[in-house]
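A.B. asks: I have a structure here, written as structure tokens, and I will follow up with some questions on it.
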Amino acid sequence: MKREINKIAIVRLSALGDIVNSAVVLQFIDAHFKNVQITWITEEAFAPLLQTHPLINQVHTINLKRAKKERSLSQLKEIIKGLKSLGKFDIIIDMQGLLKSALVARFIGKSTHSFDKKSSREGISSLFYKTTSNIEYTQNIVKRNCFVVADGLDFEISDTMLLSKKAIFPFEKLPKKSTNIKEVAIVIGASWESKIYPKERVAELINALKECSVSLIWGSEREKSDAQWIVQNSQNSSLAPKLSLNELISFISNMDLVIGNDTGPTHMAWAQNVPSITLFGPTTTRMIYETPKNIGIESSSHVDINKIDKNDFSIKDIELSKILLSVEELLYGV
């Protein structure tokens with residue numbers, strides 16, 4: 001007998017890649033609990049990605065980063081007041097499992113659920129939950145996200161369900177440049193310098209993709225400058241325009257292949273069922289859900305998930321030949 005659930009609050013504040021990998025649960029919740037109302041609590045910067053989602057009834061935004069930066073007690077009080085005004089929920093699921101997200105969940109109400117002490121990066125967060133789930137912290141991030149939600153709602157999200165998922169976000173169908181040319185997007189940036197594949201190697205990669213039209217996705221002025229350098233030193237490449245989050249989703253959704261670092265825009269390809277190659281240096285394929293058309297390539301570095309080394313620049317050692325083999329497989333079935 002299905003548990004009666006009418007109203008759910010999901011807490012996933014940041015970052016972009018984590019929100020992309022978390023939002024997959026929405027379609028499974030909707031399939032299991034018809035007419036359920038979902039409120040998603042997130043940082044202001046990521047709200048546009050969620051506000052157009054057909055399975056989310058309300059997006060409630062907060063700005064903890066600004067309140068912390070400005071050390072503003074009045075802003076913090078406003079955040080708490082807003083959370084308490086959201087009303088009653090049958091369950092409040094904290095998908096982040098950090099102390100800050102646990103406090104946010106607890107201010108919303110008492111029926112909180114998240115990871116237990118052994119499963120969280122910040123074990124103290126478990127003190128604020130009514131119920132908890134146990135899954136090793138080292139497990140695949142998408143599976144962790146799905147498990148904590150499904151366990152809290154008393155149903156299962158299987159690998160079969162993940163492999164046959166629908167595109168997570170709505171998108172606009174864009175016209176193809178040519179039916180004969182494969183369109184490839186390369187995501188050149190990331191949150192840490194050590195997660196970025198060197199621009200010189202990106203240019204080499206593009207020059208090897210002779211029958212493709214390559215667009216370079218950038219997010220900051222520094223990334224734009226690197227992208228311009230790559231364009232000047234490669235053929236058949238161009239800068240993608242400056243894109244909003246929703247425009248970025250549509251742009252990626254219309255690609256034949258996305259290649260990129262371990263970062264949010266690259267993860268969007270998996271979310272939208274677009275073939276992708278993700279490059280890893282200081283992190284591992286734990287950060288993505290690999291499928292026959294979503295491939296991760298790791299450097300030879302030994303990575304300790306519990307103690308990430310941000311000074312590990314081994315991503316630069318990933319051979320172009322490895323990437324090109326995966327490109328042949330994904331674009332041409334070779």
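A.B. asks: Looking at the range 133-144, which of the residues that are among the charged types (D, E, K, R) and in contact with a Phe, Trp or Tyr (Cβ under 9 Å, 6 or more places away or on another chain) is surrounded by the fewest Cβ atoms within 10 Å (Cβ to Cβ)?
C.D. replies: Checking each candidate, the answer is K143.
A.B. asks: Here's a follow-up. Hey, can you tell me all the residues within the range 138-155 that are more than 15 Å from N21 (Cβ to Cβ) and outside any helix (DSSP H, G or I)?
C.D. replies: Within the range 138-155, T138, D154, F155 qualify.
A.B. asks: Report yes if I124 is aliphatic (A, V, I, L, M), part of a helix (DSSP H, G or I) and in contact with a helix residue (DSSP H, G or I) (Cβ under 6 Å, 6 or more places away or on another chain), otherwise no.
C.D. replies: So I124 passes the test.
A.B. asks: Just one of I80, I56 is in contact (Cβ under 8 Å) with a residue 24 or more places away in the chain, under 14 Å from S101 (Cα atoms) and surrounded by 13 or more Cβ atoms within 10 Å (Cβ to Cβ); which is it? Write out each step before concluding.
C.D. replies: Details: I56 fails: under 14 Å from S101 (Cα atoms).
Unique residue meeting the criteria: I80.
A.B. asks: Oh, and also: Name the single residue, out of those in the range 295-323 being free of Cβ contacts under 8 Å to residues at least 24 places away in the same chain and under 22 Å from the mean Cα position of the chain (by Cα), that is surrounded by the fewest Cβ atoms within 10 Å (Cβ to Cβ).
C.D. replies: Among residues in the range 295-323 that are free of Cβ contacts under 8 Å to residues at least 24 places away in the same chain and under 22 Å from the mean Cα position of the chain (by Cα), the one surrounded by the fewest Cβ atoms within 10 Å (Cβ to Cβ) is K307.
A.B. asks: Now for a different question. So T179 clears everything in (1) more than 23 Å from the chain's Cα centre (by Cα); (2) at pLDDT 95 or above; (3) of a type in the set (V, I, T); (4) exposed (fewer than 12 other Cβ atoms within 10 Å of the Cβ) except one condition, right? Which one?
C.D. replies: Checking T179 against (1) more than 23 Å from the chain's Cα centre (by Cα); (2) at pLDDT 95 or above; (3) of a type in the set (V, I, T); (4) exposed (fewer than 12 other Cβ atoms within 10 Å of the Cβ), the one that fails is (2).
A.B. asks: Something else about it: Here's a check for you: in the range 275-292, which residue that is touching a helix residue (DSSP H, G or I) at 6+ places or on another chain (Cβ under 6 Å) and without any contact (Cβ under 8 Å) to a residue 60 or more places away in the chain is surrounded by the most Cβ atoms within 10 Å (Cβ to Cβ)?
C.D. replies: Among those residues, the one meeting the criterion is S276.
A.B. asks: Another question about this same structure. List the pairs whose first member sits in the range 131-149 and is within 11 Å of L162 (Cβ to Cβ), whose second member is aliphatic (A, V, I, L, M) and surrounded by fewer than 20 Cβ atoms within 10 Å (Cβ to Cβ), and whose Cβ atoms are under 9 Å apart, counting only residues at least 6 apart or on separate chains?
C.D. replies: Note: pairs meeting the criteria are V142/L162; K143/I135; K143/L162; C146/M161; C146/L162.
For (1) touching an Asp or Glu at 6+ places or on another chain (Cβ under 6 Å); (2) more than 30 Å from H113 (Cα to Cα); (3) surrounded by fewer than 19 Cβ atoms within 10 Å (Cβ to Cβ), each residue gets a yes or a no:
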site	(1), (2), (3)
C146	no, no, no
I157	no, no, no
L162	no, no, yes
K165	no, no, yes
P170	no, no, yes
S191	no, no, yes
I206	no, yes, no
S244	no, yes, yes
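A.B. asks: Only residues that are touching a Lys or Arg at 6+ places or on another chain (Cβ under 9 Å) and crowded, with 19+ Cβ neighbours inside 10 Å: list them for the range 19-49, please.
C.D. replies: Correct list: I19, S22, A23, V24, F28, F33, I38, T39, W40, I41, T42, F46.
A.B. asks: Could you tell me whether any residue of the range 96-109 is loosely packed, with under 15 Cβ neighbours inside 10 Å, in contact with a Lys or Arg (Cβ under 7 Å, 6 or more places away or on another chain) and either within 27 Å of A31 (Cα to Cα) or in contact (Cβ under 8 Å) with a residue 12 or more places away in the chain (or both)?
C.D. replies: No, that holds for no residue.
A.B. asks: While we're looking at this one, here's another question. For the range 276-289, indicate whether the set of residues that are touching a Gly at 6+ places or on another chain (Cβ under 7 Å) and either modelled with pLDDT under 95 or under 26 Å from A47 (Cβ atoms) (or both) is non-empty.
C.D. replies: yes
A.B. asks: Considering (1) outside the structural domain of I308 (by TED's automatic domain parsing); (2) modelled with pLDDT of 95 or more, say which one V214 fails and leave the rest.
C.D. replies: (1)
A.B. asks: Taking the condition surrounded by fewer than 21 Cβ atoms within 10 Å (Cβ to Cβ), over 24 Å from L163 (Cα atoms) and either aliphatic (A, V, I, L, M) or in contact (Cβ under 8 Å) with a residue 60 or more places away in the chain (or both), does S250 pass?
C.D. replies: When the stated conditions are applied, S250 does not pass them.
A.B. asks: Which of the residues spanning the range 300-322 are touching a strand residue (DSSP E or B) at 6+ places or on another chain (Cβ under 7 Å) and assigned to a loop (DSSP other than H, G, I, E, B)?
C.D. replies: I318
A.B. asks: Would you point out which residue out of K117, K130 is basic (K, R), in contact with a Gly (Cβ under 6 Å, 6 or more places away or on another chain) and surrounded by fewer than 19 Cβ atoms within 10 Å (Cβ to Cβ)? Can you show your working first?
C.D. replies: Working: K130 fails: in contact with a Gly (Cβ under 6 Å, 6 or more places away or on another chain).
Unique residue meeting the criteria: K117.
The values are calculated or read from the model by the stated rules, or taken from the named source; none is laboratory data. Small disclaimer: the values here were computed from a predicted structure and weren't measured. Cβ atoms come from the backbone with ideal geometry, glycine included; neighbour counts cover every protein chain shown.
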